[in-house]
């Protein structure tokens, strides 16, 4: 009996892996990486749903609920203790350098300048060169500052960022997820094969987003042989690099005997 599974040919392109990279003000002029993390990073969209039942209603009814509150969070475990990472965790802090240290202090007042435009977690999509992103908008640190030092270990600074609505827009929730396109306008596969008497140097199977360039590959001939051509377009190039990819390509390199 065949095994029942939801696995498809597209599954590998839809998986996310590793802890990712966390940016402050991603996509803007002041974009920066917050630093290395340990223990992973977690993004959460919490919501409160209010039910509006009426007399005589026998049970839950489609349409009798409304979303009354949304809280968007991104929890980051920073392991680097640079001045920048510490002041990020102590949002709104002031740095006063002296001869030996950066002295960090803070006032109790929270101002508009203490908010980041966004804090964004970027994750790798398996099988592709593309990135998945979770963006927390108008982000403010809402966690306590805590560094737990222990023998034979390195302290981790756990920081939680919370997104905030804008007064001018109380409808759009303060988060954004961006996911690479799939399908006909999404990804294409480049496959490079070596014919007899040679080998391919480079990534022989590449999944490339529509319109982007592939990585170069080189057709290396065995002793007494030389590269001849590819069996599809771009026949004489070696290394070969397919540009502005718009379709699946399978190209085989052929080799000829040196006489």
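See the values below:
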{"item": "Some residue of the range 218-226 being modelled with pLDDT under 95, surrounded by fewer than 13 Cβ atoms within 10 Å (Cβ to Cβ) and under 30 Å from residue 119 (Cβ atoms)", "result": "no"}
{"item": "Residue match in the range 108-119 (condition: in contact with a helix residue (DSSP H, G or I) (Cβ under 8 Å, 6 or more places away or on another chain) and either over 30 Å from residue 206 (Cα atoms) or loosely packed, with under 15 Cβ neighbours inside 10 Å (or both))", "result": "no"}
{"item": "Number of the condition not met by residue 210 [criteria: (1) at pLDDT 95 or above; (2) in contact with a helix residue (DSSP H, G or I) (Cβ under 6 Å, 6 or more places away or on another chain)]", "result": "(1)"}
{"item": "Extreme residue, nearest to the chain's Cα centre (by Cα), among residues of the range 144-169 that are under 18 Å from residue 70 (Cα atoms) and free of Cβ contacts under 8 Å to residues at least 40 places away in the same chain", "result": "165"}
{"item": "Candidates 163, 186, filtered to the one that is surrounded by 15 or more Cβ atoms within 10 Å (Cβ to Cβ) and modelled with pLDDT of 95 or more", "result": "163"}
{"item": "Residue that is over 30 Å from residue 46 (Cα atoms), out of contact with any strand residue (DSSP E or B) (no Cβ under 9 Å at 6 or more places or on another chain) and surrounded by fewer than 16 Cβ atoms within 10 Å (Cβ to Cβ), where the choices are 170, 243", "result": "243"}
{"item": "Candidates 150, 126 - the one that is surrounded by fewer than 16 Cβ atoms within 10 Å (Cβ to Cβ), outside the structural domain of residue 209 (by TED's automatic domain parsing) and out of contact with any strand residue (DSSP E or B) (no Cβ under 7 Å at 6 or more places or on another chain)", "result": "150"}
{"item": "Residue 231 being under 21 Å from residue 188 (Cα atoms), modelled with pLDDT of 85 or more, exposed (fewer than 15 other Cβ atoms within 10 Å of the Cβ) and out of contact with any strand residue (DSSP E or B) (no Cβ under 8 Å at 6 or more places or on another chain)", "result": "no"}
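The values are calculated or read from the model by the stated rules, or taken from the named source; none is laboratory data. Quantities reported herein were computed from a predicted structural model and do not represent experimental measurements. Positions of Cβ are backbone-derived with ideal geometry, glycine not excepted, and every protein chain shown enters the neighbour counts.
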